Amino acid sequence: MDFAHDDRTLELVDRLTEFMDRQVYPAESVLAAQLADPDRPAWAVPPVVAGLRAEARKQGLWNLFFPGEHGAGLTNLQYAPLAEITGRSPQLAPPALNCAAPDTGNMELLAQFGTAEQRERWLEPLLDAEIRSAFAMTEPDVASSDAANIATRIERDGDDYVVNGRKWYISGAMNPECRILVVMGRTDPEAEPHRRQSMILVPRDTPGVTVRRGMTVFGYDDAEHGGHAEIDFEDVRVPVGNLIGEEGSGFAIAQARLGPGRIHHCMRAIGTAERAVELMCRRTLDRVAFGRPLAEQGVIQDWIAESRVRIEQLRLLVLKTAWLMDTVGNRGAHTEIQAIKIATPRTVEWILDKAVQAHGAAGVGQDTPLAQLWAGNRTLRLADGPDEVHKRSLARRELKRYR
């Protein structure tokens, strides 16, 4: 395996790095001020993001995640170092490049499984960042880590489907620019467990869709990208043509959607870890305790060295996974996708914890990005499937070789 980046990737890395230095990092303080503005419309995208988007489009840094003619046409291996760079500023860089979840996964889903009409109505405006979307799967009343538990009902009634249920932690759905919800629910409760579910497109303004509240994540409302909504669906009617794929294909579509999403999260998380190490090094070189700089303390040097080793290990595993996805497909990379989903958030959490510790009180406050980076990264151990589910699946696959 040769993981040397090709010329196009290297060029994009240089251009994106310059964009981050000149545009994104200076905008982080602007974002904080705009989010704190009491006159800001609730849940609206801060104005600074629109300016960054315009500049990113001008520089050809748009839809880098998306394969084919509508995006940059990059492979997973080419996109990996770019996603890592955006992970250094996860609040601003991904949305600036139109590479932010959950829109990325929803765009891939529509491209792969949507009808021509669905793609024209929803995919095209998402690719242009004219609207936002959300993915409604998790429910408050069941263990959603087992997709067979999903209780929301999607029932055929003539030329319509009727949706009833409650979802929560629906990322991006509080944003007034969110126009479409991809909803997963049961169409046939009597079918085989993995054929009970279907996915359907529900415009957010459909009668019967009620946004109850925005959920917090370790106290953060994540308002800059539309929060995480709790939503009721009460006798919500949508046309039969809004069904994605066929009845009973919801689980398979979810797996196809989550595969790339998991690796994108891991790519960005490595960038988050790099930012944390940078902040830790700068802080410990500047601060003096017990008569010498913190950076000369043995325990601090141990943290820094261990962080570097762990980042390099993660990066190699993520690059291998990306390479396998490109060469043998998502199914062929199943083991590696699960491995990076288990290893990356846990390892990055350890690095962020050491960076917080090195900063002392400043590490838990709002003057550095560390606390919010920690909260977002810790959430990844639940998002797209909790660690334990991936470990269970990975162990069963391993044991199968010896049965």
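Segment 28-50 to segment 60-119: how many Å between their Cα centroids? Cα centroid of segment 28-50 versus Cα centroid of segment 60-119: 23 Å apart. Across the cross-link table entries Lys341/Lys400; Lys320/Lys400; Lys354/Lys400; Lys58/Lys167, which are compared at the Cα atoms, the separations over 28 Å belong to Lys354/Lys400; Lys58/Lys167. Expressed as a whole percentage, what fraction of the accessible surface of segment 79-137 belongs to carbon and sulfur atoms when a 1.4 Å probe is rolled over the protein heavy atoms? Whole-percent figure for carbon plus sulfur exposure: 46.
Relative to the present Cα-Cα distance, how much length would full extension add between Arg403 and Leu10 at 0.36 nm per residue of separation?
In short, 137.0 nm is gained.
Place a +1 charge on the Cβ of each Lys and Arg in segment 203-295 and a -1 charge on the Cβ of each Asp and Glu, then give the dipole magnitude about the Cα centre in debye, rounded to the nearest 20. Working shown, then result.
On the way: 12 positive and 13 negative charges, 148 e Å.
So the magnitude is around 720 debye.
The residue list Gln372, Met107, Leu319 was ranked by how far each Cα lies along the charge dipole of the chain toward its positive end, using unit charges on Cβ atoms, and Leu319 comes out on top. Calculated mean residue ellipticity at 222 nm for the chain: -15500 deg cm²/dmol, from DSSP H runs with n ≥ 4 weighted as -39500 (n - 2.57), summed, divided by the residue count and rounded to 500.
For helix 25-36, what angle does its Cα long axis make with the longest principal axis of the chain, in degrees from 0 to 90 and rounded to 10? Tilt relative to the chain: about 60 degrees. Dipole size of the chain about its Cα centre, with +1 on Lys/Arg Cβ and -1 on Asp/Glu Cβ: approximately 1160 debye, rounded to the nearest 20. Apolar share of the accessible surface for segment 251-403: 54 percent from carbon plus sulfur atoms, 1.4 Å probe. Of all DSSP-defined beta bridges confined to the chain, some 85% are antiparallel rather than parallel. Packing, taken as the mean count of other beta carbons within 10 Å per residue, orders the peptides 10-16, 221-227, 266-272, 197-203 from highest to lowest as 266-272, 197-203, 221-227, 10-16. Over all alpha-carbon pairs in segment 332-403, figure out the percentage whose distance exceeds 13 Å. Cα-Cα pairs in segment 332-403 separated by more than 13 Å: 68 percent. For the chain, the longest principal axis of the C-alpha atoms and the axis of helix 334-359 are separated by about 40°.
Projecting the Cα atoms of Leu64, Val48, Ile340 onto the charge dipole of the chain (Cβ charges, centred on the Cα centre) puts Ile340 farthest toward the positive pole. Across all Cα pairs in the chain, the calculated P(r) in 10 Å bins from zero up to the longest distance comes to 5, 22, 32, 26, 12, 3, 1, 0 percent per bin. Put the Cα centre of segment 179-229 next to the Cα centre of segment 291-349 and the gap is 31 Å. Binning the C-alpha pair distances of segment 140-225 at 5 Å intervals from 0 yields a P(r) profile of 3, 12, 22, 23, 18, 13, 6, 3, 0 %, listed from the shortest bin outward. The solvent-accessible area of Met325, taken with every protein chain present and a 1.4 Å probe, is close to 10 Å².
Gain in length, Thr75 to Thr327, computed as 0.36 nm per residue apart minus the alpha-carbon separation, to one decimal in nm?
On the way: separation 252, 0.36 × 252 = 90.72 nm, distance 0.99 nm.
The Thr75-Thr327 span can extend by a further 89.7 nm.
Heavy atoms of the protein chains alone define the surface here; on that basis the chain has 46 Å² accessible area per residue at 1.4 Å probe size. Around the Cα centre of segment 1-52, unit charges on the Cβ atoms of Lys, Arg, Asp and Glu (plus for the first two, minus for the last two) sum to a dipole of about 280 debye.
Leaving out ligands, DNA and RNA, and with a 1.4 Å probe, what % of the accessible surface on segment 145-189 is carbon or sulfur? Provide the component values of the computation, followed by the final result.
Details: 640 of 1680 Å².
Taking all protein chains in place, segment 145-189 shows 38 percent carbon and sulfur surface.
For the chain, the longest principal axis of the Cα atoms and the long axis of helix 387-400 meet at an angle of about 80 degrees. Of the residues Gly226, Gly271, Gly298, the one whose Cα sits farthest towards the positive end of the charge dipole of segment 172-309 is Gly298 (charges of +1 on Lys and Arg Cβ, -1 on Asp and Glu Cβ, taken about the Cα centre). Sequentially through segment 117-125, phi angles give Karplus couplings (6.51, -1.76, 1.60; θ = phi - 60°) of 5, 5, 5, 5, 6, 10, 5, 4, x Hz, Gly and Pro residues having no value and appearing as x.
Debye-formula intensities of segment 187-281, expressed as log10 I(q)/I(0) at q = 0.13, 0.25 Å⁻¹, are -0.73, -1.22 (one equal scatterer per alpha-carbon, no solvent).
The values are calculated or read from the model by the stated rules, or taken from the named source; none is laboratory data. Owing to the predicted nature of the structure, the values given are computational and were not obtained by experimental measurement. When we count neighbours, we look across all protein chains shown, and the Cβ atoms used for this are built from the backbone with ideal geometry, even at glycine. Areas reflect the complete protein model, heavy atoms only, side chains present, ligands, DNA and RNA absent. Shrake-Rupley method; radii C 1.70, N 1.55, O 1.52, S 1.80 Å.
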